[in-house]
């Protein structure tokens, strides 16, 4: 519907919430226009969060919106995986049916079967991060497509009870939702968020996003309490009565209602001393049989099916219905479909806490037996985690152990790795109390520790994974079980490397020395070798990486692991781009068939190859490949995960070719999504560059400060450190501090250049160092001969195997005469940048430097021409930093940025169009003949894009607005007649 009016009347006892309801309406109005909004509603237990949500969603539904609700289960994170998300998907399934719902879910939609068995088995989509990422992507896409039909409100109740997978998926959805008429409304209890509660960090993270709104539901004031009490009792109430209720309830609406009932209906002269006693007051008038039934119900959760309650209570139909009728009429529970729900979760908690220890165990045991023996009593098949929870609460160690292990396997199939880890750790806790734990678990304690560590790793909890692995290593004897020790060390190294911890390479090397190179260990060894080759490549230990990659490929072939054969080729090609560029691309392309067939290798193939294209100067190829990778990830249902990194990998070559507008859009998108740390840092670095080149030096400096001040235990990879160093150099130079710029270079390459270096990253870095040296010389620095030798030697070393002359030519120009004052050198550098068609920002820079060098040689005419070219290139790109430099030089040197021409288009001194270069005069002549950019390119043997750049420069220099005016100037200047003669 195009218009949703959600202003309707409300019951009189819904008081004191007009402001919060207005905030919800405002957020929904934004969402309804296609800007997804997330609203986090927080407040104490009993404050009325659910009631507020119900009021709002009733209005939204009446106005035409679709509403779906999912609720968390109060089982301390041990309940069904993704419980509130399952509730949402189930609500949509009931409305649309399986076929239509899967169609709306899009590519990979079958993975929804891991949440809802009615939609399939959800198997076959890859485990770990791959499967979890696809599930998150599919759920998010499903909600977007449902919202395309009409506005959608998704309510997630009681996040304080949500499991870790639900919190992760919520984080993903909030960041990933785009262009949908969708509002997420999540409630949580603020009084349960103790310092270490995992929801606290998520709320703080989401709070920083502009699409997220927080609503804190406050306590009621005295006047609002008076209105509520009158609404509850249906009559006027004395002021002192209101004041007593307000004081005892402290303005919490649920307690206001309970106190109104107690003070009015139970004949009590004294109000209860504690809130727990207050809640139980409503229960005390009920018969003992009904009270026992309510305590039994509390062991089953906030809501219990009638069939389940009948089974666990063992009551006759008459006795059960009699007790339930009394409980309902007494206001303790309400009828909810085919079951019964407590009127408020606080009442259920009070009853559960009121049980005696033996009673607590017996009642949980009855639920465990019911779920185990009669699962058909539940409308939805009970999960192993629920059964394990009840057996554990019943103190039945043997069955709790068995069901915890079963639950872990079930949860892994649902991609709920964090909850699976909890189940495995529960089994470890019970290990010493079980008769034959190894026989039941199918392995010893070390195996179970390793399983738990793997689930922690897959859930992204690397700290916990390392703790569990270190404990398993402590229990293994290296002398008697060397291969096992080696395998555990490789697992530890994998976690260390993924989390950027030191010692990963050393742990892998030690592990490989312990794993025998025989057929029985081939798979273990191949996997470890592949990981080591990648890590050595990333550490820029290229010779070692190539040696290990060769062994990895051979061992992988022996083990029949084609995906690891492909991985070794990608590693080898990525190394070769720095040492043997000619063979780098063909080597990586050998991995393409497997990469396309194996989604888990999709990312590495496209990212590495597009990076190889970029650093070797094939910018258009880099953009094209990254775009292809994005399209492929869309087809696989991974556009927000793998696809976001593919898009991010297109930013740097887009900057290089001068498409800064598109690059900026992708940067913004990349920063909004939760990319891996190294990719996120890369995008932030590129953002800093774009800000700098556009002229916002202060903003670029702030980005740099964020990149360099976020110290942690992470090991910064050389490629990351060198990219940040380049930004540091550029910011320092823009701020007029070449000494700091040089220090940034030395910090990453070492005073003697002895740190690990890579041609593709360090040739641009040598240019930055040359800029800093040239500026230091111009500022009158003392002897810099050693620094000059270092930059020249490293440049020559890298240039020996590097395609193209862009960076060496720029270094030569910066260091010519030590101060970069040779016009010929800058002309050569400018030609090199143009021939390579990038990096685009270096065109105005080199033209500007050439102009400055020409001024030093007293060639004012040439200097003016070069400066005008620099200005035009700056304007074409939007390079505000260099344009300021150009304008400043124009003023100081008294060089006008527009050529003075007479009425016939010639210069005032008789030279035709002196503001244009010879090449630009040729282009202008063809423009005057009516040629298109493509035709100009064919005539002059240049690309159509280069012709377009020339045309834009010509229009700027002539001060005209279009090709027609430029043609008129050419005719007036006699350019066509000269060409003909």
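Given (1) surrounded by 23 or more Cβ atoms within 10 Å (Cβ to Cβ); (2) over 25 Å from residue 491 (Cα atoms), where does residue 530 come up short, assuming only one miss?
Evaluating residue 530 over (1) surrounded by 23 or more Cβ atoms within 10 Å (Cβ to Cβ); (2) over 25 Å from residue 491 (Cα atoms) leaves (2) as the failure.
Checking the structure you have, find out if any residue of the stretch 595-602 is in a helix (DSSP H, G or I), farther than 19 Å from residue 645 by Cβ and without any contact (Cβ under 8 Å) to a residue 60 or more places away in the chain.
First, the residues of the stretch 595-602 that are in a helix (DSSP H, G or I): 595-597, 599-602.
Subsequent filtering for residues that are farther than 19 Å from residue 645 by Cβ retains 597.
Going one step further and asking which of them are without any contact (Cβ under 8 Å) to a residue 60 or more places away in the chain, we end up with 597.
For the stretch 595-602, residues in a helix (DSSP H, G or I), farther than 19 Å from residue 645 by Cβ and without any contact (Cβ under 8 Å) to a residue 60 or more places away in the chain: present.
The conditions are (1) closer than 23 Å to residue 853 by Cβ; (2) under 33 Å from the mean Cα position of the chain (by Cα), and residue 777 fails exactly one of them. Which is it?
In the conditions (1) closer than 23 Å to residue 853 by Cβ; (2) under 33 Å from the mean Cα position of the chain (by Cα), residue 777 misses (2) alone.
Pick out the one residue from 206, 169 that is outside the structural domain of residue 258 (by TED's automatic domain parsing) and out of contact with any strand residue (DSSP E or B) (no Cβ under 7 Å at 6 or more places or on another chain).
On the way: 206 fails: out of contact with any strand residue (DSSP E or B) (no Cβ under 7 Å at 6 or more places or on another chain).
Testing whether each residue is outside the structural domain of residue 258 (by TED's automatic domain parsing) and out of contact with any strand residue (DSSP E or B) (no Cβ under 7 Å at 6 or more places or on another chain) leaves just 169.
Given the conditions (1) over 28 Å from the mean Cα position of the chain (by Cα); (2) in a helix (DSSP H, G or I); (3) surrounded by fewer than 24 Cβ atoms within 10 Å (Cβ to Cβ), report the number of the one that residue 479 does not fulfil.
Residue 479 satisfies every listed condition except (2).
Say whether the condition of being closer than 27 Å to residue 33 by Cβ, at pLDDT below 90 and surrounded by fewer than 22 Cβ atoms within 10 Å (Cβ to Cβ) is met by at least one residue in the stretch 106-119. Please lay out each step first, then the result.
First, pick out the residues of the stretch 106-119 that are closer than 27 Å to residue 33 by Cβ: 106.
Still in the running and at pLDDT below 90: 106.
After this cut, where a residue has to be surrounded by fewer than 22 Cβ atoms within 10 Å (Cβ to Cβ) as well, the list is 106.
Yes.
From 347, 320, 309, 293, grab the single residue that is buried (at least 21 other Cβ atoms within 10 Å of the Cβ), over 29 Å from residue 82 (Cβ atoms) and not assigned by TED's automatic domain parsing to the domain that holds residue 160.
Checking each option against the conditions leaves just 293.
Are any of the residues in the stretch 359-371 modelled with pLDDT of 90 or more, surrounded by 20 or more Cβ atoms within 10 Å (Cβ to Cβ) and within 27 Å of residue 188 (Cβ to Cβ)?
Scanning the stretch 359-371, I find at least one residue that is modelled with pLDDT of 90 or more, surrounded by 20 or more Cβ atoms within 10 Å (Cβ to Cβ) and within 27 Å of residue 188 (Cβ to Cβ), so the answer is yes.
Please indicate, with yes or no, whether at least one residue in the stretch 63-80 is surrounded by fewer than 17 Cβ atoms within 10 Å (Cβ to Cβ) and more than 30 Å from residue 364 (Cβ to Cβ).
Yes; the residues of the stretch 63-80 include at least one that is surrounded by fewer than 17 Cβ atoms within 10 Å (Cβ to Cβ) and more than 30 Å from residue 364 (Cβ to Cβ).
Exactly one of (1) in a helix (DSSP H, G or I); (2) assigned by TED's automatic domain parsing to the domain that holds residue 764 is unmet by residue 801. Its number?
Result: residue 801 fails condition (1) only.
Could you please give the count of residues in the stretch 293-323 that are more than 49 Å from the chain's Cα centre (by Cα), within 22 Å of residue 369 (Cβ to Cβ) and part of a helix (DSSP H, G or I)?
Here is the first cut: in the stretch 293-323, the residues more than 49 Å from the chain's Cα centre (by Cα) are 314-323.
Remaining after also requiring within 22 Å of residue 369 (Cβ to Cβ): 314-317, 319-320, 323.
From what's left, part of a helix (DSSP H, G or I): 317, 319-320, 323.
Of the residues in the stretch 293-323, 4 are more than 49 Å from the chain's Cα centre (by Cα), within 22 Å of residue 369 (Cβ to Cβ) and part of a helix (DSSP H, G or I).
For the stretch 240-296, what are the residues that are at pLDDT below 75 and out of contact with any helix residue (DSSP H, G or I) (no Cβ under 8 Å at 6 or more places or on another chain)?
265, 267, 269, 270, 273, 274, 277
Could you check, for the stretch 404-425, whether at least one of its residues is more than 24 Å from residue 166 (Cα to Cα) and in contact (Cβ under 8 Å) with a residue 24 or more places away in the chain? Steps first, answer last, please.
Going residue by residue through the stretch 404-425, those that are more than 24 Å from residue 166 (Cα to Cα) are none.
No, because not a single residue in the stretch 404-425 is more than 24 Å from residue 166 (Cα to Cα) and in contact (Cβ under 8 Å) with a residue 24 or more places away in the chain.
In the stretch 620-642, what residues are surrounded by 24 or more Cβ atoms within 10 Å (Cβ to Cβ) and either out of contact with any helix residue (DSSP H, G or I) (no Cβ under 9 Å at 6 or more places or on another chain) or part of a helix (DSSP H, G or I) (or both)?
Those that are surrounded by 24 or more Cβ atoms within 10 Å (Cβ to Cβ) and either out of contact with any helix residue (DSSP H, G or I) (no Cβ under 9 Å at 6 or more places or on another chain) or part of a helix (DSSP H, G or I) (or both): 622, 623, 625, 626, 629, 633, 642.
The values are calculated or read from the model by the stated rules, or taken from the named source; none is laboratory data. All values reported here derive from a predicted model rather than from experimental measurement. Methodologically, a virtual Cβ is constructed for each residue, glycine included, from the backbone with ideal geometry; neighbour enumeration extends over all protein chains shown.
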